[in-house]
Amino acid sequence: MADFRKSRTVGGIIAVLGAGLMTAMVWAPWVKTPGESMSGWDIHEQASGSQQWFIGDFVDPDFSPFFPALPILVAAGVMGLLGLGLAMKRQPLGKGAQMVVLLIGIVGMFIALGNPIWISTTGPGADIVTFDWGLLAVAAGGFVAFLGVALAMGPRGRKPAE
């Protein structure tokens, strides 16, 4: 049982750290335009505030609704709480619960990983806007959080010792 608890705790901590990285990087530079760099939060404020024109002028209509920072903060919060809950849980999860937890982890990871993909494919183009290191760090944080969730599921193919 000790190995199971150790992997659950380590995985939960890794998930919390990945979620923390996602959260912190919302205020790091996400995109560069000639002469200016914008954080995810700057983009969120311009896309949802009085300057909504910013997103509409620079991207296609099918541009990701997950790009502004608020969905990243929500996904990071969910991943962090999931990791914290998994680290604190001492009994194995049932198969159904494992599937739900992994699905939540996958969705959180894809929200974070999707940002560089969406700005590359539906954005205004690299000659106008390029993505910066903060956007890549958000994606890395989402991937690390998912790995932590997967690790917290415990050993595969064998039951924990009683």
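Using a simple spin-label model with pseudo-atoms 7 Å out from Cα toward Cβ, Leu136 and Thr33 lie 2.3 nm apart.
Averaged over residues, the count of other Cβ atoms within 10 Å places the peptides 26-37, 71-82 in the sequence 71-82, 26-37, highest first.
Placing a pseudo-label 7 Å from each Cα along the Cα-to-Cβ vector at Lys6 and Leu70 gives an inter-label distance of 4.5 nm.
Every read-out reported here was derived from the displayed coordinates using simple, explicitly stated rules and does not represent laboratory data. Given the structure is predicted, the values throughout are model-derived calculations rather than measurements. Cβ: placed from backbone, ideal geometry, glycine included. Neighbour counts: every protein chain shown.
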